[in-house]
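Asker: Questions regarding the structure given below will be posed in turn.
The values are calculated or read from the model by the stated rules, or taken from the named source; none is laboratory data. Model, not experiment: these values are computed from the prediction. When we count neighbours, we look across all protein chains shown, and the Cβ atoms used for this are built from the backbone with ideal geometry, even at glycine. Note: accessible area is taken over every heavy atom of the protein model, side chains too, but ligands, DNA and RNA are not part of it. Shrake-Rupley method; radii C 1.70, N 1.55, O 1.52, S 1.80 Å.
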Amino acid sequence: MSAVHRSIGNVMVLLQRADGRILTVRHQATSWHSPEMLTVVGGRLEDGEFLNEGAARELAEEVGIHITPDRLRFCQLLHFHAADGERVIGAAFTVREWEGSPYNREPGTHTELVWVDPAAPPPDCHPFTHTVLTHFATGRLYANVTAPELLGGEAG
């Protein structure tokens, strides 16, 4: 009998300023998957959500920017294995215009917001975030991300 495999839906939002920098969040030292590392805004879909709805929700929950899902622009699709071993299909969206200033709405999860250059992500980016940012900077729309990529190599 073969094992049942399922894929989890994950969404990411690349909030991009006019200077090209992307907003990231630094996780608390207690994070099980990315202690003290930078990640992009995002998370797993909730029951019944479409990708763009989940992305808009995550943006509001994490950094207080409220937009309608139709303002998101698709920019990337990734298929990867999460730290907990589950297969994840991740969709990334960009937002280049919004009202208000982003702020840390989840201080129990994040310590700060950091704007980064997607073409040169800082070394304290989570390896998956590094992949998302460099693919965004080069216009790559799809990747299968496997263990070596999560450790900093090229995605396939």
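Asker: Would you please list the contacts, defined by Cβ atoms under 7 Å and residues six or more apart or on different chains, that run from a residue in the stretch 120-132 that is on the phi < 0 side of the Ramachandran plot and open to solvent by 20 Å² or more (accessible area, probe 1.4 Å) to a residue that is at pLDDT below 90 and β-branched (Val, Ile, Thr)?
Answerer: Within 7 Å, the pairs are Phe128/Val145.
Asker: State all residues of the stretch 18-42 that are within 16 Å of the chain's Cα centre (by Cα) and surrounded by fewer than 17 Cβ atoms within 10 Å (Cβ to Cβ); if no residue qualifies, say none.
Answerer: Within the stretch 18-42, Arg21, Ser31, His33, Pro35, Glu36 meet the criteria.
Asker: In addition: From the residues in the stretch 1-17 that are open to solvent by less than 90 Å² (accessible area, probe 1.4 Å) and not hydrophobic (A, V, I, L, M, F, W, C), which one is modelled with the lowest pLDDT?
Answerer: Among them, the one singled out is Ser7.
Asker: Does the stretch 46-65 include one or more residues that are of a type in the set (Lys, Arg), open to solvent by less than 70 Å² (accessible area, probe 1.4 Å) and at pLDDT 95 or above?
Answerer: The answer is yes; a qualifying residue exists.
Asker: Take the residues of the stretch 89-135 that are closer than 12 Å to Leu23 by Cα and assigned to a helix (DSSP H, G or I): which is nearest to the chain's Cα centre (by Cα)?
Answerer: Thr129
Asker: In the stretch 66-78, what count of residues is obtained for those that are outside any helix (DSSP H, G or I) and either aliphatic (A, V, I, L, M) or exposed (fewer than 15 other Cβ atoms within 10 Å of the Cβ) (or both)?
Answerer: Number of matching residues: 8.
Asker: Here's something else I'd like to know. Just need a number here: residues in the stretch 15-39 that are out of contact with any Cys (no Cβ under 9 Å at 6 or more places or on another chain) and either assigned to a strand (DSSP E or B) or at positive phi (or both).
Answerer: 9
Asker: Let me ask another. Mind listing whichever residues of the stretch 43-55 are small (Gly, Ala, Ser) and free of Cβ contacts under 8 Å to residues at least 40 places away in the same chain?
Answerer: Result: Gly43, Gly48.
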